[in-house]
Amino acid sequence: MKVNVSSEIGNLQGVIIHHPGSEIENMTPQNAERALYSDILNLTVATKEYCEFESVLRKYTKVYEVKELLKEALQSENVRRELAHKVCANEKAMHVYKDLLDLSIDDFTKAMIEGVEMKQDTLTNFLSQERYALRSLHNFFYMRDASISMYNEVLISRMANIVRSREAIIMETIFDHSDTVSAKTINPINYKDFDPEITIEGGDVLIAREDVILIGLGSRSNTKAVDFLIDRFKESKTSMNIVVQELPYKPESFIHLDMVFTFLDKDNCMIYEPLIARHNKYQTVHIKIENGKVEFIRFRNTMMEALKELKFDLKPLTCGVADDLWIQQREQWHSGANFFALGPGKIMGYARNSYTIEELCNNGYEVLKARDIIKGRKDMNNYSKFVVTIDGSELPRGGGGARCMTMPVLREKMDW
C-alpha cells in the first residue's frame with residue numbers, strides 16, 4: 001500500500017495501530033512523569049477498552065499492526081543492524097547492541113517496544129535504580145505522534161522528549177523497508193539545513209486539504225519545525241497554506257492541536273471553544289506559500305477565521321457545553337475534542353464525554369455504541385452520519401483519544 005492522505009476526513013482505506021502490551025505495565029509511580037504520564041494505567045482494563053476500539057476499526061477498514069510491519073521490515077539483517085545501532089546510539093546504550101543482534105526477529109521486535117532489562121553484572125548496574133537498559137515505549141499506542149502522513153510522503157517526527165524518540169526511529173524503519181506500507185520519508189535530520197532544535201509531533205499536524213495544513217505550536221512542536229516545512233514546500237514549488245495555532249503549555253491536556261480541534265465532516269469540526277473560536281492571547285498565523293516563495297505571513301484573530309478565509313464552511317461543535325466553561329474543561333481534559341474520522345461525518349470518540357456526545361447527537365450524528373457494532377446489532381454501513389462511542393475509563397488517562405491512537409496511511413480523496 002502506497003501512503004496517500006490529503007485530508008482528515010476522506011474515507012479511510014488503511015490505518016496503522018499498536019495494541020498496547022506489557023510496556024504499559026513497565027511503569028511505576030516513580031517513573032510515570034518521566035514517561036509523560038500523570039498516572040499509571042491498568043493493562044487489563046486498558047486492553048479491554050482498546051479491543052473495542054480496534055474491533056470497530058477492523059469492521060470498517062484495513063488495519064495494520066505496527067509490530068507485524070516492524071517484523072516484516074526486520075527480515076533483512078542489515079536493517080536490524082541499522083535499527084539497533086540508531087536506537088542504542090541515541091539512548092547511550094551501545095552495550096546492548098550485540099545482545100540485540102543475537103535475538104530472533106520476534107524477540108528483537110519485542111525488545112524495541114517493551115524494552116531490555118538491565119543486566120545485573122556490574123556493581124553500578126546492581127545498585128542502579130533503573131530496571132531497563134532500553135526503556136519501554138509506554139506511549140507507542142498513541143500511533144499518531146511519531147510519523148505524519150502528508151499526502152504521498154511521510155514526515156518522520158522529531159519528538160520533543162527523548163523517551164519517545166525511538167518511536168520515530170521505528171516508524172522510519174517501517175516506511176523505508178516494509179513491503180506492506182511504503183512511502184518516501186522526510187526526516188529533518190537528513191537535510192543540510194537541519195536545526196537540532198526542531199520538534200514536531202503528529203498530534204500537532206492536521207492535513208486539512210490538498211493545499212491546507214494546520215499546525216499546533218506548543219510544548220511538542222515549535223517554530224523551527226514550521227520553518228522546515230516552509231522550506232520543503234518552497235523547494236517543491238507546492239502551493240500551500242499553513243495555519244499555525246499557538247497552544248497553552250499548561251495544562252498537559254493541551255499538548256497537541258488535535259486535543260482542541262478535529263475535523264468531523266466537510267461542514268463540521270469539534271473545537272475547544274475558548275481557545276479556537278474566541279480571540280485570546282494565543283496567536284493564529286496564516287502562512288501562504290506560492291511558486292517557491294513565501295507570499296505572506298500574517299496574524300488572524302482565530303483559527304476559525306483563518307479557515308473561513310480559506311473557503312472552509314465549517315459549523316463548529318463545542319467540546320462540552322457551549323455556555324459552561326467548567327464542563328468544557330472537564331471533557332477536554334479527557335480528549336473530548338479528539339475525534340477520529342473514518343469518513344466524512346463518520347467518527348469515533350470516547351463515550352465518557354457525555355455532553356460532547358449529546359452535542360453531536362443534536363447535530364445529526366447517530367450515536368452508535370462500539371459493542372453494538374462489534375456484536376452485529378448495529379451496522380455502520382446503514383448510517384451516513386454517526387459517532388461510534390468507545391468505552392474509555394483507562395485509556396483517556398494516558399492523555400489521548402481516538403485520533404491519537406491512529407496513523408492513517410490511505411484515505412480516499414475528498415471532492416470539496
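The values are calculated or read from the model by the stated rules, or taken from the named source; none is laboratory data. In this text, all values refer to a predicted model and were calculated from it rather than measured experimentally. With ideal geometry, Cβ positions are generated from the backbone for all residues, glycine too; neighbour counts draw on all protein chains shown.
Below is a table of values for the structure above.
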| quantity | calculated |
| --- | --- |
| Considering residues of segment 48-63 that are touching a residue at least 60 places away in the same chain (Cβ under 8 Å) and of a type in the set (Val, Ile, Thr) only, the residue surrounded by the most Cβ atoms within 10 Å (Cβ to Cβ) | Val56 |
| Residue satisfying all of: in segment 211-267; closer than 25 Å to Ser165 by Cα and among the basic types (Lys, Arg); surrounded by the most Cβ atoms within 10 Å (Cβ to Cβ) among these | Arg220 |
| From the options Asp176, Asp231, residue that is closer than 30 Å to Val63 by Cα and over 15 Å from the mean Cα position of the chain (by Cα) | Asp176 |
| Residues located in segment 1-28, provided they are among the aliphatic types (A, V, I, L, M) and not in a loop (DSSP other than H, G, I, E, B) | Val5, Leu12, Val15, Ile16, Ile17, Ile24 |
| Qualifying residues in segment 1-31 (those that are surrounded by fewer than 18 Cβ atoms within 10 Å (Cβ to Cβ) and modelled with pLDDT under 85) - the one nearest to Tyr142 (Cα to Cα) | Glu25 |
| Residue ID - surrounded by the fewest Cβ atoms within 10 Å (Cβ to Cβ), chosen from residues in segment 99-140 that are of a type in the set (Val, Ile, Thr) and over 30 Å from Met405 (Cβ atoms) | Thr124 |
| Test set (1) over 30 Å from Lys346 (Cα atoms); (2) modelled with pLDDT of 85 or more; (3) in a loop (DSSP other than H, G, I, E, B) - Arg34 fails condition number | (2) |
| Entirely in segment 53-102, the helices (runs of 4 or more DSSP H) that have 2 or more residues that are under 27 Å from the mean Cα position of the chain (by Cα), of a type outside the set (A, V, I, L, M, F, W, C) and at positive phi | none |
| Unique match (being assigned to a helix (DSSP H, G or I), in contact with a Lys or Arg (Cβ under 9 Å, 6 or more places away or on another chain) and either among the hydroxyl-bearing types (Ser, Thr, Tyr) or more than 22 Å from Phe233 (Cβ to Cβ) (or both)) among Glu305, Glu331 | Glu331 |
| Strands (runs of 3 or more DSSP E) wholly inside segment 365-416 containing at least 2 residues that are more than 17 Å from Met270 (Cα to Cα) and in contact (Cβ under 8 Å) with a residue 40 or more places away in the chain | 407-411 |
| Any hit, segment 240-261, residues being part of a loop (DSSP other than H, G, I, E, B), modelled with pLDDT of 95 or more and farther than 19 Å from Lys281 by Cα | no |
| Test: Thr185 is surrounded by fewer than 22 Cβ atoms within 10 Å (Cβ to Cβ) and assigned to a strand (DSSP E or B) | yes |
| Condition met for Tyr60 (modelled with pLDDT of 95 or more, more than 30 Å from Phe312 (Cα to Cα) and of a type in the set (Ser, Thr, Tyr)) | no |
| Candidates Ile276, Ile230, Ile297, Ile242 - the one that is touching a helix residue (DSSP H, G or I) at 6+ places or on another chain (Cβ under 7 Å) and farther than 22 Å from Gly399 by Cβ | Ile242 |
| Count - residues of segment 157-182 that are hydroxyl-bearing (Ser, Thr, Tyr) and in a loop (DSSP other than H, G, I, E, B) | 3 |
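Condition check ((1) of a type in the set (A, V, I, L, M); (2) more than 21 Å from Lys413 (Cα to Cα); (3) assigned to a loop (DSSP other than H, G, I, E, B)) across all residues:
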| residue | (1), (2), (3) |
| --- | --- |
| Pro196 | no, yes, yes |
| Ile213 | yes, no, no |
| Asp227 | no, yes, no |
| Asp231 | no, yes, no |
